[in-house]
Amino acid sequence: MESNNKTIGWSTAQMAQKVAMDIHDGAYVNLGIGIPELVAGYIPEGREVIYHTENGLLGMGKVAPPGAEDPELVNAGKKYVTAVPGAAYFHHADSFAMIRGGHIDICVLGAYQVSEEGNLANWSTGNPDDIPAVGGAMDLVAGVKTIFVITKHTTKTGLSKIVKQCTYPLTGKNVVSRIYTDLAILDVVNKKLQVRELAPNVSFKYLQQHTDAKLIESSKQ
């Protein structure tokens, strides 16, 4: 997105880097399918993050390089992955017990819509090409301590994904803590959206014009 020869906003990689910087050392983290998976590549050197996948692995490593794929070692998105030293494998029921028991610190998910109250809709738009079921997302938003959402600010047709009320089926109510888009980082505070950081060449006015939900301007901007 460009205007007056100035690039507006962050790239997808820069969005992922912003999320990575907010994941604390020693965190147990679950990454959703798609853009959230990129976050693992931007964790600062020297910071330990332990990755969990709901199909039964704690200590997930990087994506397996070509030729080294193990058909029995995949993540919840069915991608071939690796395991770090000390990794543990377990039944998916135990994996969901970790999630539901509040033992995962942070989950990073994509979204179709996020409301100003922190409601999340990320599994269905009614399109027949959508993922056919909610999968583990509903358990993740209910059991994980902190939910980060990373998504483009608008759809391909220019509709805001940050809305007053979600019109798609909900994954969870009042579950999102922070939203990272290509235009800004937003915090959900008392069921309202506060601008934490604006992306390059994005003004508060421009952001509000591209956001269906009402935003609160940070005093730091």
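Points to keep in mind about this one:
- Residue of Asp70, Asp94, Asp25 that the Gaussian network model of the chain assigns the largest fluctuation, springs spanning Cα pairs under 10 Å: Asp70
- Heavy atoms of Ser160: accessible area, 1.4 Å probe, square angstrom to 10: 30
- The stretch 135-150 residues near the modelled Ala93 label - backbone nitrogen below 19 Å, point 7 Å along Cα→Cβ: 136, 139-140
- Each part gets one Cα centre, and for the stretch 10-63 versus the stretch 116-150 those centres are 18 Å apart.
- Residue-averaged 222 nm ellipticity for the chain, from DSSP H runs of 4+ at -39500 (n - 2.57), nearest 500: -4000 deg cm²/dmol
- Residue separation of Thr155 and Lys192 scaled by 0.36 nm, minus their Cα-Cα distance, works out to 11.2 nm of gained length.
- Rough spin-label spacing in nm, given labels placed 7 Å along Cα→Cβ, for Glu48 and Asp25: 1.0
- Within the stretch 48-150, GluC sites (Glu not before Pro) in DSSP loop having at most 13 other beta-carbon neighbours inside 10 Å: Glu48, Glu72
- Tally of Lys pairs whose C-alpha atoms are under 22 Å apart, taken over the stretch 60-166, 8 or more apart or cross-chain: 5
- Take the Cα of Asp212, step 7 Å toward its Cβ, do the same at Thr82, and the gap between the two points is 4.2 nm.
- In the set (1) 11.3; (2) 13.5; (3) 12.1, the label that goes with mean projected area of the Cα convex hull in nm² computed for this structure is (2).
- Between the beta carbons of Lys164 and Arg100, assuming R0 = 45 Å, the FRET efficiency works out to 0.90 to the nearest 0.05.
- Within the stretch 24-49, backbone nitrogen closer than 17 Å to the virtual label 7 Å beyond the Cα of Lys62 toward Cβ: 37-49
- Normalised contact order of the chain, rounded percent, pairs of Cα under 8 Å and 6 or more residues apart: 19
The values are calculated or read from the model by the stated rules, or taken from the named source; none is laboratory data. Remember, it's a predicted structure, so these values are computed and weren't measured experimentally. Here Cβ is always computed from backbone atoms with ideal geometry, including for glycine, and neighbour counts include all displayed protein chains. Surface areas here come from the heavy atoms of the whole protein model, side chains and all, with no ligands, DNA or RNA. Shrake-Rupley method; radii C 1.70, N 1.55, O 1.52, S 1.80 Å.
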